[in-house]
Amino acid sequence: MFTGIVTAVGEVVAAERGPGWLALTIRSPYDDLGIGDSVAVNGACLTVVAQEAGAFRVDVIVTTRGRTCLEQLQPGDRVNLERALAVGERLGGHFVQGHVDGLGEIVGMRESEDAWLMDIRLPSEVAELSIPHGSIAVDGVSLTISAMLGPDTVQIGLIPFTMERTALGNRRVGDQVQIEADMLGKYVRQLVRKG
């Protein structure tokens with residue numbers, strides 16, 4: 001379980017690929033990670049399989065590669081990182097499982113008086129769970145939906161702090177982003193369908 005409050009921005013130092021497999025080595029400030037720890041990488045929950053001073057390695061399975069942008073990562077790319085929530089910590093964002101629901105596309109981005117406005121086209125299964133002022137995780141960052149611009153497009157506002165302290169500051173129109181819908185909305189949808 002995560003909160004969507006990014007605690008570090010890491011850098012991909014290696015992206016090893018083979019037939020049906022992907023392993024990422026990521027430089028991070030986390031100096032006490034252990035084998036088996038969970039880390040959200042751009043919002044996708046991954047397991048640390050190896051670690052060395054200043055870096056950790058994760059394996060990305062086929063299911064995860066099919067739902068995320070992780071396959072596209074190259075050495076030098078910046079990624080948002082968050083360690084798993086520990087009992088007793090503050091919950092600054094919203095409940096984020098690290099289970100990416102699909103890929104969105106940035107279709108608009110512009111600077112306003114006090115924030116950057118990012119318009120994102122969502123996959124239909126996420127769009128139906130999205131509401132104005134509801135929560136959404138974009139590349140693992142807990143954000144609030146400012147407006148619904150259409151049946152499948154949301155607008156979010158990014159304050160300068162978020163642009164500077166996360167990898168969202170590097171995103172541009174046309175980029176894909178990993179999206180996780182609000183967990184509560186998923187449960188409500190499932191209960192209504194069964195009812």
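Quick notes
- Peptide ranges 106-115, 140-149, 50-59 listed from the most packed, as the mean C-beta count within 10 angstrom indicates: 140-149, 50-59, 106-115
- Stretching Q72 away from E113 to a fully extended chain increases their span by 11.5 nm, per 0.36 nm per residue minus the current alpha-carbon distance.
- The order of K186, K194, going from fewest to most other C-beta atoms within 10 Å of their C-beta, is K194, K186.
- E11 versus R65: modelled label distance in nm, points set 7 Å from Cα along the beta carbon direction: 2.6 nm
- Between R90 and R27, the FRET efficiency estimated from the beta carbon spacing at R0 = 30 angstrom works out to 0.70.
- Neighbourhood charge, 14 Å Cβ-Cβ cut-off, centred on P151 and excluding it, Lys, Arg +1 and Asp, Glu -1: -3
Where a number appears in this text, it was derived from the coordinates with a stated rule and is not lab data. Values in this document were obtained by computation on a predicted structure and should not be read as measured data. Cβ coordinates were reconstructed from backbone atoms using ideal geometry, including for glycine residues, and neighbour counts include every protein chain displayed.
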